Amino acid sequence: MGLKEFLFLLRGLQWTVALAAIGFIGGGIAGLFVALARTSANKLLVAVTRGYISVFQGTPLLMQLFVVYYGLALVGLKLDAWVAVAIGFTLHASAYLGEIWRGGIEAVPRGQTEAALALSLRYWSRTKDVVLPQAFKISLPATIGFLVQLIKGTSLAAIVGFTELARAGSIISNQIFEPLVVFGIVGILYFAICWPLSLFGAHLERQFAQGSR
Amino acid sequence: MNNANPSTSAEPMIVFRHVEKWYGSFKALTDINLEVRTGEKIVLCGPSGSGKSTLIRCINHLEPYQKGELLVEGLKVGEDPKIIDAVRREVGMVFQQFNLFPHMTVLENCILAPMRTRKTPREAAVATARRLLDRVKILDQADKYPAQLSGGQQQRVAIARALCMEPKAMLFDEPTSALDPEMVKEVLDTMISLAEEGMTMICVTHEMGFARQVADRVIFMAKGEIIEEAPPEQFFRNPQHKRTQQFLGEILSRH
Ligand SMILES: Nc1ncnc2c1ncn2[C@@H]1O[C@H](COP(=O)(O)OP(=O)(O)OP(=O)(O)O)[C@@H](O)[C@H]1O
Ligand SMILES: [Mg+2]
């Protein structure tokens, strides 16, 4: 395998990172609203978001990407692969992050909200100043764990013709007939990104466990 | 000092009229009638589960009530969220578990609400917070996080945090029950000095020494009802109801 092929793989890696970043940022923003809706006092919002989360957690990501790309094309909405995949990952991530953060929000002791209420803080201040900082801290290890899953999950974008790292690998492998070498390198590239993140997540988890003595 | 207390005026600040509260099908408050005048200090006691917390939490609407009416400075606490907001700005609360915000320093805990709800500029909020932290003798800890403080220190911060809103009344829900015995006094001293300055106070506590020293009236609750109500002298020397006598016997033998 030559430099040219390796650079092609790196370009695939770039897309993988970009895709994970879009899914994580888009999913993070949408997931925040899902988590807030899920923990709100409004029964309808709670029910709707509960359903939303169940659907995305109960079906494979592959199928979700399929539906967004081919399904929407069937009803006449032809999306660019890039846009379709970005939407698919955002929806997927928003459901998972929403659920992770819901757990974090609910783990913040009730007394915190009560103290904030007694100080006459309004909903937005209670949420932004008091609850969310604590909820995010509680949820951080799980959030990082999900990010690692999301990075690996980007390989599924290949099915709609998107050339991220895994697909770049198969293209090169078909060209130079050295699948072991090529996929070995692809594996190392995934590992080089995901492993430090996993370590970081585990480190935070240990730190919080100590902090809450 | 009860009736001679010069800061006590005739004007009622908090009024319960036939207030009743249910948790689901469980009746937690039955026909509560109570008037608290400006500057008055009330001590509320009674066995566990008698509804003491529920009663004071109705005042700032941490708990809704279902029947009767509850007025704070003439405004009915109930449906109107604006009134609830206004009442919460005027009535501070101190909890058994302190409930300080753990991710903020002592100073940040104190300036948050004035900045957010009173729109006090940061500098003014900091100045007020420092003055009140000094008053509860904890100014030197202003930049620490709650977890770095002892329970007694945390509770004094919680009192200062509530005072930063410059409330007209303060509610205390067993403020010393979660403290190690050696820290109880520092918190009670803070409350006593607050009382001496004329703050209107309703304190759920079993600290009978505190009740004797500062209360204008002691109220005894059992099973969601106010059973007895008297100035501390009379309450301790000559309790009228059997339930009160029994309760006082238990409390006093414990100390
Ligand atoms: N959120 C709730 N849901 C259902 N029942 C409740 C709730 N909060 C309190 N209760 C019940 O209402 C009754 C009064 O509770 P409350 O906390 O007011 O008692 P208390 O006098 O403050 O007791 P303690 O001395 O233990 O703090 C109790 O029987 C309690 O079990
Ligand atoms: Mg209680």
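Only one of the listed residues (B:116, B:130) is buried (at least 20 other Cβ atoms within 10 Å of the Cβ), away from ligand 1 (no atom under 16 Å from the Cβ) and either among the basic types (Lys, Arg) or assigned to a helix (DSSP H, G or I) (or both). That residue is B:116. Among the residues making up segment B:26-66, those that are more than 16 Å from ligand 1 (Cβ to nearest atom) and either of a type in the set (Lys, Arg) or at negative phi (or both) are B:33, B:35, B:36, B:37, B:38, B:40, B:41.
Could you please find all residues in segment B:133-143 being at negative phi and either surrounded by fewer than 17 Cβ atoms within 10 Å (Cβ to Cβ) or β-branched (Val, Ile, Thr) (or both)? Listed by number, the residues that qualify are B:134, B:136, B:138, B:139, B:140, B:143. Total residues in segment B:225-255 satisfying the condition of being in contact with a Phe, Trp or Tyr (Cβ under 9 Å, 6 or more places away or on another chain) and in a loop (DSSP other than H, G, I, E, B): the figure is 2. Could you check residue A:79 against (1) in contact with a Phe, Trp or Tyr (Cβ under 9 Å, 6 or more places away or on another chain); (2) assigned to a helix (DSSP H, G or I) and say which number it fails? Answer for residue A:79: the failing condition is (2). Note on segment B:29-49: among residues that are surrounded by 21 or more Cβ atoms within 10 Å (Cβ to Cβ) and in contact with a Gly (Cβ under 9 Å, 6 or more places away or on another chain), the one that is modelled with the lowest pLDDT is B:39.
Contact annotation: residue pairs with Cβ atoms under 6 Å, 6 or more positions apart or on different chains, pairing a residue in segment B:36-65 that is within 14 Å of chain A (Cβ to nearest Cβ) with a partner that is in a loop (DSSP other than H, G, I, E, B) and within 12 Å of ligand 2 (Cβ to nearest atom), are B:54/B:63; B:57/B:63.
Mind checking whether some residue in segment A:108-119 is farther than 17 Å from residue A:145 by Cα, more than 14 Å from every other protein chain (Cβ to nearest Cβ) and part of a helix (DSSP H, G or I)? No, because not a single residue in segment A:108-119 is farther than 17 Å from residue A:145 by Cα, more than 14 Å from every other protein chain (Cβ to nearest Cβ) and part of a helix (DSSP H, G or I).
The residues listed here are A:114, A:106; of these, the one that is under 22 Å from the mean Cα position of the chain (by Cα) and of a type in the set (D, E, K, R) is A:106. The number of residues in segment B:177-219 that are away from ligand 1 (no atom under 16 Å from the Cβ) and in contact with a strand residue (DSSP E or B) (Cβ under 6 Å, 6 or more places away or on another chain) comes to 8. Would you point out the residue of segment B:202-228, among those that are acidic (Asp, Glu) and in contact (Cβ under 8 Å) with a residue 24 or more places away in the chain, that is farthest from residue B:47 (Cα to Cα)? Among residues in segment B:202-228 that are acidic (Asp, Glu) and in contact (Cβ under 8 Å) with a residue 24 or more places away in the chain, the one farthest from residue B:47 (Cα to Cα) is B:216. Taken over segment B:62-98, the criterion of being within 16 Å of ligand 2 (Cβ to nearest atom), over 25 Å from residue B:27 (Cβ atoms) and not in a loop (DSSP other than H, G, I, E, B) is satisfied by B:94 alone. Among the residues of segment B:11-25, those that are in a loop (DSSP other than H, G, I, E, B) and either more than 8 Å from ligand 1 (Cβ to nearest atom) or closer than 21 Å to residue A:118 by Cα (or both) comprise B:11, B:25.
Against the condition in a helix (DSSP H, G or I) and buried (at least 16 other Cβ atoms within 10 Å of the Cβ), how does residue A:44 come out, does it pass? No: the conditions fail for residue A:44. Do we find that residue B:179 is of a type outside the set (Val, Ile, Thr), more than 14 Å from chain A (Cβ to nearest Cβ), within 16 Å of ligand 2 (Cβ to nearest atom) and in contact with a helix residue (DSSP H, G or I) (Cβ under 9 Å, 6 or more places away or on another chain) in this structure? In short, yes. For segment B:72-84, the criterion of being buried (at least 17 other Cβ atoms within 10 Å of the Cβ) and either under 26 Å from residue B:244 (Cβ atoms) or within 9 Å of ligand 1 (Cβ to nearest atom) (or both) is met by none of the residues. Checking the stated criteria, residue B:152 turns out not to satisfy the condition of being touching a residue at least 60 places away in the same chain (Cβ under 8 Å), surrounded by 18 or more Cβ atoms within 10 Å (Cβ to Cβ) and of a type in the set (Gly, Ala, Ser). Taking the conditions exactly as written (away from every other protein chain (no Cβ under 14 Å), buried (at least 18 other Cβ atoms within 10 Å of the Cβ) and assigned to a loop (DSSP other than H, G, I, E, B)), does residue A:146 satisfy them or not? No, not satisfied.
The values are calculated or read from the model by the stated rules, or taken from the named source; none is laboratory data. All of these numbers come straight from a predicted model, not from anything done at the bench. Every residue, glycine as well, gets a Cβ built from its backbone with ideal geometry; the counts of neighbours run over all protein chains shown.
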